[in-house]
Amino acid sequence: MDLAPKYDPSIVEDKWYSYWMKNRYFHSEPDERDSYTIVIPPPNVTGVLHMGHMLNNTIQDVLARRARMQGKNAEWLPGTDHASIATEAKVVAKLKEQGLDKSMVTREEFMKHAWEWKEKHGGIILEQLKKLGASCDWDRTRFTMDEALYDSVINVFIDLYEKGLIYRGLRIVNWDPVALTALSDEEVIYKEVNSKLYYVRYKVEGTDDEWLTIATTRPETILGDTAICVHPEDERYRHLQGKKILVPLINRSIPVIFDPYVEREFGTGALKVTPAHDVNDYNLGIKYNLPVIDTFNPDGTMSEAAQLFIGEDRFVVRKKITAALKEKGHIVKIEDYTNKVGYSQRTDAVIEPRISVQWFMKMKDLAKPALDLVENDTIRFFPAKYKNMYRNWMENVTDWCISRQLWWGQRIPAYYLPDGKIVVAKSSEEALARVKAEDPLSALRIEDLKQDEDVLDTWFSSWLWPISVFDGIRKPDNPDIAYYYPTSVLVTAPDIIFFWVARMIMAGWEYRKEIPFHDVYFTGMVRDKQGRKMSKSLGNSPEPLELISQYGADAVRVGMLLCSPAGNDLLYDESLIEQGRNFSNKIWNALRLVKGWKVDPDIEQPETSKVSIRWFNAVLTEAITSMEDLFSKYRLSEALMGIYKLIWDDYCSWYLEMIKPGFQQPIDKVTYDTTITLFEKLVCMLHPFMPFITEEAWQHIRERGESETIMFASMPVEGNHEPELITKFAVAEEVITQIRNIRKEKNIPFKDPIQLFVKKNYNEQPDTTLDGIVSKLCNLSELGYAEEKVPDSISFIIRNTEFYIPVTHTIDIASEIAKLEEELNYTKGFLKSVEAKLGNEKFVSGAPEAVVTAERKKQSDAISRIKVLEEQIRNFKG
């Protein structure tokens, strides 16, 4: 294959993804190899690719591809979530476009519309992931409403109901007046808002002018008040024992109750009690047997029970009732007030506490083992800081409201008999059979049974995801679940640690007595450079597919990972994606350079090439060791930066220059073959991060078979460790850089050979290992060693060694002294900072021994360098 002069990602990426798909390289079946399993956090079926998906799925792909190259049987299972609230909203909107309201169609008709919408739009995000290079096992794609997953949810509901962990009850719930459904506590987002605190006076019944003032942020709920509560030890209100109070505007007579729940210091110390619209008031209502007056309709408008403002929106009523209270003399004062208000995670509507009959799941017994599994690191969190968040939620877990007033989702398998009894069963036939089994004489018919109208919370299917995708609920001993479960790692965002992560751990322990995953890697949130959350309304959220089209998928993957420290929010910077594109071009140009060399098998390998290869193998081994360590800690950004520098700096900028043949000269075969092998190792290390260009380069490096792919090439392993050679090269690199700088400063062309003399100090012996490299890269006509200062020379110092470049023109002595004095002052300042650290007894006694030793080495090196610099200055001054 000819190498194109420029790398074109659009052609390469389509070509290789089609090749991988055609050969089913992403597919996995159980075999004798170790499994490596990732289940995708299923995106909403309504979703399209955004920057958060890009980051999360890039990380998963990196891990899956690397596992394949390590010889593991990698299974990255994709799928989508049915997303009850979001999808139902889409279907309702679609019906409205057709002039239909949800109330005008039957449940069966609605579900038909929903499935049609899903089939048309539901696969978009998965197709978009293919553009990113996602190596998912598409043959195993799952959907939470698939038959196997649906049945698994129903089976688990029945099982937990029979175990007494699921119950139905009347409780205050979080009500979403836009989605018209109850939500769990975890689906409520609390935001700090600027509100008003209204001081309202209530008349004491039977008096002419005695009033009781309360403070509230929600005057619209006054119409549902059924008591006033004060603290029993509050002297201000003891005289109200047995008294009644009149609710403003409607004059309902309500009692004064006394309970230590009231905070005497807040507001006036008197609390209005509205059991239908506040969870704490509801509990007080139960305790004191207060009536419950629900003044809101499900959509947040005032109900007939409110008596006033019927049918008007609650926030409109807040303004109207304030005006009415002012007019009647009930407003004492209004203050600015900052408080936290609950919003629906799904619709962003202000949540309304509402009394409702719902299905709940007891969580405390399930939470205990799930907490222990994380606390004892059976399941490891990366970063570990999220253990604190997890612990706090698990130790304070409340029962989970699992019913939703929707049609799209798994319908609750509960059947109501005419007498009000409930039978929980898979079907109406099974429910009737259970009734008949208990009462053979029962005359009930199947049409007498009415199934619950509600569906289960979407998370009630998601919490089974690692098990149900392998059909482990219905068939707990099947080969797939036995092989792929527990999964290896979960890559997710910390904002769903309660919704999903904790509950999956509970489900895994409850149904398999196993953990669902060994590790959890938490990604941060993608923000713009100003730290703002990305959103279309701010116009700061780029379109992922446009980025891929502009820069290529590899470049986008690199850019996302380079600005992505584990578990911390990442500040998106498009220049890093440009850096990824430039990296692709660098790799391509290096490949073209190497493949363009003419090879002469009769040439003997130069010594400089031998030592260059030794050095690069040593650097490569260090990089492989480092990468293993970084991957074990999920520090993927650092791992990528390591391979980036290894290729760009060490291989391209140094190694290729060190072994490159002269202009229009051939290269020896041993060096060429080794260089090709090293290139091959590098693209294998890089492949998980940049799958497309590495496949293209790998295919060009050598002749390949028709079905060969880099995907199953072996990841390079460590060779010989030669830290001394790496240290020696670091010095040589400084020497080369200094000489290049001097050529530039003094306008000495590279084609003009120069001499270099080296003066060792403190009885140090010359090491000539890399002299040939220095001579080649600096075009030296001579590299010698001197006992004394070389006259008429430009000099520089590295470590304790002096270097002299003889020149034919007159040296500016004053300029040379100024440079040396500047360097001397810097070194003295550096020594002062090191000695201050070593003079700190707390540091010396508390720091690791290796750290203290390193500081002492810096001290001795700086002292030696100062002596050499002072000697050079004296010599110049004569």
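The values are calculated or read from the model by the stated rules, or taken from the named source; none is laboratory data. Predicted model only: the values in this text are computed from it and were never measured. No Cβ is skipped: glycine too gets one built from the backbone with ideal geometry, and neighbour counts run over all protein chains shown. These accessible areas exclude ligands, DNA and RNA; they are computed on the full protein's heavy atoms, side chains included. Shrake-Rupley method; radii C 1.70, N 1.55, O 1.52, S 1.80 Å.
Taking the stated definitions as given, is K513 closer than 29 Å to A384 by Cα, exposed (fewer than 15 other Cβ atoms within 10 Å of the Cβ) and modelled with pLDDT of 95 or more?
In short, yes.
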* Please name all residue pairs, on different chains or six or more residues apart, with Cβ atoms under 6 Å, provided the first residue is in segment 14-37 and is of a type in the set (K, R) and the second residue is buried (at least 18 other Cβ atoms within 10 Å of the Cβ). => R33/N73
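Find the strands (runs of 3 or more DSSP E) located wholly in segment 741-806 whose residues include 1 or more that are open to solvent by less than 40 Å² (accessible area, probe 1.4 Å) and farther than 27 Å from S609 by Cβ, and list them.
754-759, 793-798, 801-806
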* To do: Only residues that are in contact with a strand residue (DSSP E or B) (Cβ under 7 Å, 6 or more places away or on another chain) and touching a residue at least 12 places away in the same chain (Cβ under 8 Å): list them for segment 418-453, please.
  => I422, V423, V424, A425, S428, A431, V435, L449, K450, Q451, D452
* Looking at segment 411-505, what strands (runs of 3 or more DSSP E) fall wholly within it and have at least 1 residues that are open to solvent by less than 40 Å² (accessible area, probe 1.4 Å) and under 30 Å from N568 (Cβ atoms)? -> 487-492
* To do: Looking at (1) under 30 Å from P716 (Cβ atoms); (2) assigned to a helix (DSSP H, G or I), find the lone condition where A74 falls short.
  => (2)
* Asked: What pairs can you find where one residue is in segment 735-763 and farther than 21 Å from K789 by Cβ, the other is of a type in the set (D, E, K, R) and in a helix (DSSP H, G or I), and their Cβ atoms are less than 6 Å apart, with a gap of 6+ or different chains?
  -> none
* Among the residues of segment 670-687, is any part of a loop (DSSP other than H, G, I, E, B), at pLDDT 95 or above, open to solvent by less than 50 Å² (accessible area, probe 1.4 Å) and under 21 Å from V491 (Cβ atoms)? -> yes
* **Residue match in segment 490-503 (condition: of a type in the set (K, R), out of contact with any strand residue (DSSP E or B) (no Cβ under 7 Å at 6 or more places or on another chain), more than 22 Å from C401 (Cβ to Cβ) and modelled with pLDDT of 95 or more)** => no
* **segment 112-126 residues that are in a helix (DSSP H, G or I), paired with ones that are of a type in the set (G, A, S) (beta carbon under 9 Å, 6 or more apart)** => I124/G47; I125/G47; L126/G79; L126/A134
* **Subset of segment 80-98 [touching a Leu at 6+ places or on another chain (Cβ under 8 Å) and either without any contact (Cβ under 8 Å) to a residue 24 or more places away in the chain or part of a strand (DSSP E or B) (or both)]** => T80
* How many residues does segment 151-178 hold that are open to solvent by 50 Å² or more (accessible area, probe 1.4 Å) and within 30 Å of D348 (Cα to Cα)? -> 5
* Asked: Restricting attention to segment 103-119, does a residue exist that is modelled with pLDDT of 90 or more and on the phi > 0 side of the Ramachandran plot?
  -> no
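Residue by residue, here is whether (1) in contact (Cβ under 8 Å) with a residue 40 or more places away in the chain; (2) open to solvent by less than 60 Å² (accessible area, probe 1.4 Å); (3) hydroxyl-bearing (S, T, Y); (4) under 29 Å from T674 (Cβ atoms) holds:
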| site | (1), (2), (3), (4) |
| --- | --- |
| S564 | yes, yes, yes, no |
| D569 | yes, no, no, no |
| E574 | no, no, no, no |
| I577 | no, yes, no, no |
| N582 | no, no, no, yes |
| N585 | yes, yes, no, yes |
| V594 | yes, yes, no, yes |
| W597 | yes, yes, no, yes |
| P601 | yes, no, no, yes |
* Of the numbered conditions (1) open to solvent by 10 Å² or more (accessible area, probe 1.4 Å); (2) under 19 Å from H53 (Cα atoms); (3) within 16 Å of the chain's Cα centre (by Cα); (4) not hydroxyl-bearing (S, T, Y), K529 satisfies every one except a single condition; which is it? -> (3)
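For segment 822-855, how many residues meet the condition of being more than 29 Å from Y804 (Cα to Cα) and either in contact (Cβ under 8 Å) with a residue 24 or more places away in the chain or not small (G, A, S) (or both)? Walk me through it before giving the result.
First pass over segment 822-855, keeping only residues more than 29 Å from Y804 (Cα to Cα): 833-855.
The next check asks that each one be either in contact (Cβ under 8 Å) with a residue 24 or more places away in the chain or not small (G, A, S) (or both); those that pass are 834-835, 837-838, 840-844, 848-849, 851-853, 855.
So the count comes out to 15.
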* E514, sole failed condition from (1) touching a residue at least 12 places away in the same chain (Cβ under 8 Å); (2) within 30 Å of W400 (Cβ to Cβ); (3) touching a strand residue (DSSP E or B) at 6+ places or on another chain (Cβ under 7 Å) -> (3)
* Subset of segment 704-740 [in a loop (DSSP other than H, G, I, E, B), of a type in the set (D, E, K, R) and surrounded by 10 or more Cβ atoms within 10 Å (Cβ to Cβ)] -> R704, E708, E718, E722
* Structure fact -> Restricting segment 118-137 to residues that are surrounded by 18 or more Cβ atoms within 10 Å (Cβ to Cβ) and over 22 Å from the mean Cα position of the chain (by Cα), the one farthest from M711 (Cα to Cα) turns out to be K118
* To do: Kindly establish whether D377 is without any contact (Cβ under 8 Å) to a residue 24 or more places away in the chain and more than 15 Å from Y521 (Cα to Cα).
  => no
* Asked: Would it be correct to say that A836 is surrounded by fewer than 18 Cβ atoms within 10 Å (Cβ to Cβ), of a type in the set (A, V, I, L, M, F, W, C) and in a helix (DSSP H, G or I)?
  -> yes
* Structure fact -> Here the residues within segment 332-352 that are charged (D, E, K, R) and surrounded by 15 or more Cβ atoms within 10 Å (Cβ to Cβ) are R346, E352
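Here's the yes/no breakdown for (1) within 30 Å of D495 (Cβ to Cβ); (2) surrounded by 21 or more Cβ atoms within 10 Å (Cβ to Cβ):
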{"residue": "H27", "(1), (2)": "no, no"}
{"residue": "S35", "(1), (2)": "yes, no"}
{"residue": "N57", "(1), (2)": "yes, yes"}
{"residue": "Q70", "(1), (2)": "no, no"}
{"residue": "I85", "(1), (2)": "yes, yes"}
